[in-house]
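The structure appears right after this line, and notes come after that.
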Amino acid sequence: MREKELIVYKEFPEQEGALLYDMAWLLEHYEEKEKKEEARALGYSCMHRLFEMAENHGFYGNLWHCYLSNLLVNNENSYSRACEIRGQVGGTINQAVLHDIVIFKEFFDFDFGKMAEALHMDEFKMILDYEGADGESKVYNSRIRDRICSLAVKFTKDHTPEEMKDTLTEFYRDYGVGKFGLHKAFRVVHGEMGVEIVPIRNIAHVHLDDLVGYEIPKKKLVENTLAFVEGRRANNCLLFGDAGTGKSSSIKGIANEYYDRGLRIIEMYKHQFRDLNEVITQVKNRNYKFIIYMDDLSFEDFEIEYKYLKAVIEGGLEKKPENVLIYATSNRRHLVREKFSDKEERRDDLHAGDTVQEKLSLVSRFGVTIFFAAPDKKEFQNIVRVLAERYGVEMPEDELLLEANKWELAHGGLSGRCAQQFIDYLLGTGK
């Protein structure tokens, strides 16, 4: 096998790469008598690692093909990054990639029958038609897992390396590559390598249509987001208003709505604002559109983290990349808390106007502000009716609305969140 001759697809994570090289050694040396026992032991070791991969990733079918496909779709290199979301690119790099795909196709097409017979390993056939126990994945959600397993099957139907390369390039165009290609949403953590952007693997499957009412706020949010996704000018966006009115759900909705058009969401908290520049540096040269999302954003008067945010949005020397926007939700219109006592303090402030502008300048850097108001009684009852019908709650309407009114009086007042909690209560109690 020619794994050492790879040019572009060469750098793999340590454990994944070790399995490839061990399998390559096994396929090359299993016929040598003096190495047969070593090969047999290594064969069982490789089986163990493939089974572990199947459990962690939720893979099924031919585990060897799934493993190779997973390597290819996660390998971020000069070719895969250039093709993500955009598709085929020109240049000499295509010749180097085709050279690598020839080698990968040799791995794909290898007939394990002779090896299993020579090493007396009939058990090896189990990896060629594997059925998972429960289909769960600790690494991917089911959508991504199925996508990779389907790609593995497609590769087996490609008759030439050129066809296999086209299939892989099409995958990069449709879904992207690596963590940014395979996942919708991310969070920021401090790991061994410093600031890391890591996937959120179980984002709620919320769609904008799930949010009852709020047609005007949703329309403004969609218009701004669609302009951003399509490469037109768009603004940073602040969603503000009463609690439980669907601000955060709207953000989740657009993450699901525009994922297949290259939109990705990165969630950050205010204590992480010092890392904003590093996060932007990591994503600014990718072909995706990134929304940096800040939920429930507000600052007490003694907190200064908002100054980092101001500098990043507008004010720093480095221009904010065109593929990055800031979206925030807040219960406060002006984000930075102001008190009546501030007015007293301003009497002693020689430049009181400057102080006011310092606190208000953050919100002015959000070009689009969208207000989510609490529903009135009539709107709340309509939300309850729609949700009850959607979830199959069978209860006379008069009784339903009476119980809903009792619920909202005891559980936080009129809001879409309160209506949803009421429906969840009915479903949980079997009413």
Task: Column: log10 I(q)/I(0), Debye, Cα scatterers of region 179-295, q = 0.14, 0.16, 0.22 Å⁻¹ - done: -0.60, -0.78, -1.41
Open item on the list: Could you compute Rg(Cα) / (2.2 N^0.38 Å) for region 5-78, with N its residue count?
Closed with: 1.18
- [ ] Please tell me which of these pairs span more than 18 angstrom C-alpha to C-alpha: 184/310; 247/406; 252/310; 138/179; 179/247?
- [x] 184/310; 247/406; 252/310; 179/247
TODO: Taking all pairs of distinct Cα atoms, average 1/r, flip it, and tell me the Kirkwood hydrodynamic radius of the chain in Å to one decimal place.
DONE: 25.3
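Within the chain, what whole-number % of the accessible surface is contributed by carbon and sulfur, with the 1.4 Å probe and all protein chains included in the calculation?
The C+S portion of the solvent-accessible surface of the chain is 49 percent.
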Task: Degrees separating the helix 93-109 axis from the principal Cα axis of the chain, which is the longest one - done: 60
- [ ] Divide by every residue of the chain the summed helix terms, -39500 (n - 2.57) for each DSSP H run of at least 4, and state the resulting mean residue ellipticity at 222 nm, rounded to the nearest 500 deg cm²/dmol.
- [x] -16000 deg cm²/dmol
TODO: Mind pulling the angle between the C-alpha long axis of helix 247-257 and the longest principal axis of the chain? Nearest 10 degrees, somewhere in 0 to 90.
DONE: 30
Open item on the list: Taking the solvent-accessible surface of protein heavy atoms with a 1.4 Å probe, what is the per residue accessible area of region 1-87 in Å²?
Closed with: 47
TODO: Give the calculated FRET efficiency between residue 429 and residue 78 to the nearest 0.05, with a Förster radius of 45 Å applied to their Cβ-Cβ distance.
DONE: 0.20
- [ ] Enter the angle in degrees (range 0 to 90, nearest 10) between the Cα long axis of helix 142-157 and the first principal axis of the Cα atoms of the chain, meaning the one along which they spread out most.
- [x] 30
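Report the Stokes-Einstein translational diffusion coefficient (µm² s⁻¹, integer) for region 76-229, Rh taken as the Kirkwood radius over Cα pairs, at 25 °C with viscosity 0.890 mPa s.
Roughly 127 µm²/s, to the nearest whole number.
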- [ ] Please work out the FRET efficiency for the pair residue 296 and residue 174, using the Cβ-Cβ distance as r and a Förster radius of 35 Å; give the result to the nearest 0.05.
- [x] 0.55
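The values are calculated or read from the model by the stated rules, or taken from the named source; none is laboratory data. These numbers come from a predicted model, not from an experiment. Quick reminder, even Gly has a Cβ in these numbers, built from the backbone with ideal geometry, and neighbours come from all protein chains shown. The protein model used for the area step is the full one, side chains on, heavy atoms only, and it has no ligands, DNA or RNA in it. Shrake-Rupley method; radii C 1.70, N 1.55, O 1.52, S 1.80 Å.
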